[in-house]
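Colleague: If you scroll down you'll find the structure; I have some questions about it.
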Amino acid sequence: MTALRGLWPEMQDTCISLGLMLSIVLFMGLARVVTRQQLNRPTAHAFVLEFLATFQLCFCTHELQLLSEQEPLHPTWPLTLTYFFSLVHGLTLVGTSSNPCGVMMQMMLGGMSAETGAMRLLAQLIGALCSRYCMGALWSLGLTKYHVSERSFACRNPIQVDLPKAVIIEAVSSFIFHSALLHFQEVRTKLRIHLLSALITFLVYAGGSLTGAVFNPALALSLHFKCFDEAFLQFFIVYWLAPSLGKHIFI
């Protein structure tokens, strides 16, 4: 009983974090419903949906990253959460990419016009930055002992290998993920979402301790904005250029 009481504060913090993530998923889902009902212009409609999707992805990843840095009851707990929320995003963010590399791939394959692609990229950039500042404001409330506002203003460099290895890891991760996206298109939707979630979890497991295994420029900007400010060239190469190169290799 004493041991359980000692674990309760940690469990309470974890439950609060999970509640925040699920709440933002529900809120973004409601916002998507309203957008589909109220916005008739296709351009504005696509922009808002891409913004909401990127905001949701970045928000949840910020909180997942925070949870992964705690001392979990079991070492597979962060990976379990990664798989679960990858499923949630796959089910709720249908029709959006939340990843600049995905937009560029569609443009290069002729599935999207340059104007639409530029609009979606802008929506992703705004969504990524808004989620970062929203998390900073939320953490300043101190809802858990891990929520501290200073966290959002510090550069927590995730790159634990030299630059060439980091570039290879992010490029290969992007290559594997986007090639899977194309090859899984003929697979039934429910099975495809599980396969992609499992793949994302594997990539995070394989490269998470080395570079964070982000393979998404918008997500990287949201997670490591301060690091881009302090070491722009390094982070530009690893988190923007490398995933784009990985996607281009496949195409």
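Colleague: Using a 1.4 angstrom probe and counting only protein chains, how large is the accessible area of D13 in Å², to 10?
Modeller: The value for D13 is about 20 Å².
Colleague: Which of rounded, prolate or oblate describes the range 129-192 when judged by the alpha-carbon gyration tensor and an a/c cut-off of 1.5?
Modeller: It is oblate, given that a/c is not under 1.5 and a/b is not larger than b/c.
Colleague: Would you mind working out the magnitude of the charge dipole of the chain relative to its Cα centre, with +1 at each Lys and Arg C-beta and -1 at each Asp and Glu C-beta, to the nearest 20 Debye?
Modeller: The calculated dipole for the chain is roughly 560 debye.
Colleague: Of all accessible surface on the chain at a 1.4 Å probe, what whole percent is carbon and sulfur?
Modeller: 68 percent
Colleague: Which GluC sites (Glu not before Pro) does the range 153-251 hold that lie in a coil by DSSP with at most 11 other beta carbons within 10 Å?
Modeller: Sites meeting the loop and neighbour criteria: E186.
Colleague: Follow-up. Would you mind computing, in nm to one decimal, how far apart the modelled labels at S140 and K165 are, each placed 7 Å from Cα along Cα→Cβ?
Modeller: 3.9 nm
Colleague: Averaged per residue, what accessible surface does the range 133-251 expose to a 1.4 Å probe, in Å²?
Modeller: That works out to 51 Å² per residue.
Colleague: Let me ask another. Students sometimes get this wrong: rank I168, I159 by accessible area, probe 1.4 Å, all chains present, largest first.
Modeller: I168, I159
Colleague: How far is the Cα center of the range 170-186 from the Cα center of the range 11-79, in Å?
Modeller: Value for the Cα centre distance between the two parts: 23 Å.
Colleague: Okay, moving on. In what order, largest first, do H183, H178 sit by accessible area if the probe radius is 1.4 Å?
Modeller: Output order, biggest surface exposure first: H183, H178.
Colleague: Taking R0 as 41 Å, what FRET efficiency do you get between D229 and M11 from their Cβ-Cβ distance, rounded to the nearest 0.05?
Modeller: 0.70
Colleague: Using the beta-carbon distance between L210 and A44 and R0 = 45 Å, what value does 1/(1 + (r/R0)^6) give for FRET efficiency, to the nearest 0.05?
Modeller: Efficiency for this residue pair is about 0.65.
Colleague: Given 0.36 nm per residue, what is the gain on full extension from K190 to S113 after removing their alpha carbon distance, in nm?
Modeller: 24.9 nm
The values are calculated or read from the model by the stated rules, or taken from the named source; none is laboratory data. Because the structure is a prediction, the values reported are computed rather than measured. Heads up, the Cβs are rebuilt from the backbone with ideal geometry, glycines too, and the neighbour counts pull from every protein chain shown. Accessible surface is based on the protein model in full, side chains and every heavy atom, while ligands, DNA and RNA are left aside. Shrake-Rupley method; radii C 1.70, N 1.55, O 1.52, S 1.80 Å.
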